[in-house]
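Peer 1: My questions all concern the structure below.
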């Protein structure tokens with residue numbers, strides 16, 4: 001039997017904490033071990049309870065989410081911080097990532113996305129939703145180079161799927177991993193091969209490695 005994923009919620013809004021607690025209560029492999037209303041409480045409870053994952057709001061009182069995350073990554077390295085925030089601008093996203101957050105979701109994420117992300121970060125996988133990844137890639141591309149590559153023809157979702165193809169996942173495994181229908185993944189893979197002018201998945205995977213997509217964009221393995 002697999003061990004339970006111990007989760008701590010850090011959010012100063014009671015209705016958000018209640019909603020999250022009700023959601024987690026319905027999952028057989030997740031256990032809610034605590035709730036914190038500010039950054040200092042989050043640190044104290046994390047040290048006492050040793051959660052596997054902390055769902056972290058950025059707009060915490062007393063001590064904000066990024067500074068709390070930074071301290072937690074130093075004092076409780078075995079705990080993964082999954083940011084769940086209404087802010088998705090470049091400044092807040094980068095501050096969370098630089099502080100050591102293992103993932104970043106906006107509060108309009110679906111319940112399925114949140115549950116999948118909790119399990120993913122617990123397994124050592126970094127998770128960023130499509131909106132955040134699109135913003136980060138836009139900033140990165142603007143700051144580095146205007147040079148076009150075949151990868152630039154892909155949508156954000158196609159890049160995510162290509163990166164999973166490059167890890168050797170089958171369409172069925174990708175569908176399960178990304179919470180997509182099998183036929184949807186098949187259509188995306190067909191589009192990817194067409195846009196990249198590849199005759200098979202192996203060629204596409206090699207191209208992904210050449211352009212740094214062997215590590216997924218939306219789901220990247222923690223160092």
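Peer 1: Being farther than 28 Å from residue 180 by Cα and in the same structural domain as residue 124 (by TED's automatic domain parsing) narrows it down to one of 32, 49, 24, so name that one.
Peer 2: Testing whether each residue is farther than 28 Å from residue 180 by Cα and in the same structural domain as residue 124 (by TED's automatic domain parsing) leaves just 49.
Peer 1: Can you tell which of 127, 185, 199 is at pLDDT 85 or above and in the same structural domain as residue 65 (by TED's automatic domain parsing)? Steps first, please.
Peer 2: On the way: 185 fails: in the same structural domain as residue 65 (by TED's automatic domain parsing); 199 fails: in the same structural domain as residue 65 (by TED's automatic domain parsing).
None of the other options fit; the residue is 127.
Peer 1: Okay, next question. List the strands (runs of 3 or more DSSP E) inside segment 1-106, counting only whole elements, that have at least 1 residues being over 19 Å from residue 124 (Cβ atoms) and either in contact with a helix residue (DSSP H, G or I) (Cβ under 8 Å, 6 or more places away or on another chain) or free of Cβ contacts under 8 Å to residues at least 40 places away in the same chain (or both). Lay out the reasoning, then the answer.
Peer 2: Working: elements: 5-10, 30-36, 53-56, 80-85, 103-106.
Because the criterion is at least 1 residues that are over 19 Å from residue 124 (Cβ atoms) and either in contact with a helix residue (DSSP H, G or I) (Cβ under 8 Å, 6 or more places away or on another chain) or free of Cβ contacts under 8 Å to residues at least 40 places away in the same chain (or both), the strands (runs of 3 or more DSSP E) in segment 1-106 that meet it are 5-10, 30-36, 80-85, 103-106.
Peer 1: Can you go through 137, 172 and tell me which one is surrounded by fewer than 20 Cβ atoms within 10 Å (Cβ to Cβ), more than 19 Å from residue 110 (Cβ to Cβ), touching a helix residue (DSSP H, G or I) at 6+ places or on another chain (Cβ under 9 Å) and modelled with pLDDT of 70 or more? Before you say what the answer is, go through the steps one by one.
Peer 2: Numbers: 137 fails: modelled with pLDDT of 70 or more.
None of the other options fit; the residue is 172.
Peer 1: Would you confirm, using the coordinates I've provided, whether residue 192 is at pLDDT 85 or above and either part of a loop (DSSP other than H, G, I, E, B) or surrounded by 12 or more Cβ atoms within 10 Å (Cβ to Cβ) (or both)? Reasoning before the result, please.
Peer 2: Details: at pLDDT 85 or above: yes; either part of a loop (DSSP other than H, G, I, E, B) or surrounded by 12 or more Cβ atoms within 10 Å (Cβ to Cβ) (or both): yes.
Considered against the rule, which asks whether it is at pLDDT 85 or above and either part of a loop (DSSP other than H, G, I, E, B) or surrounded by 12 or more Cβ atoms within 10 Å (Cβ to Cβ) (or both), residue 192 comes out as yes.
The values are calculated or read from the model by the stated rules, or taken from the named source; none is laboratory data. Bear in mind that the values here come from a model prediction, so they are computed numbers and not experimental data. So basically every Cβ, Gly included, is an ideal-geometry build from the backbone, and we count neighbours across all protein chains shown.
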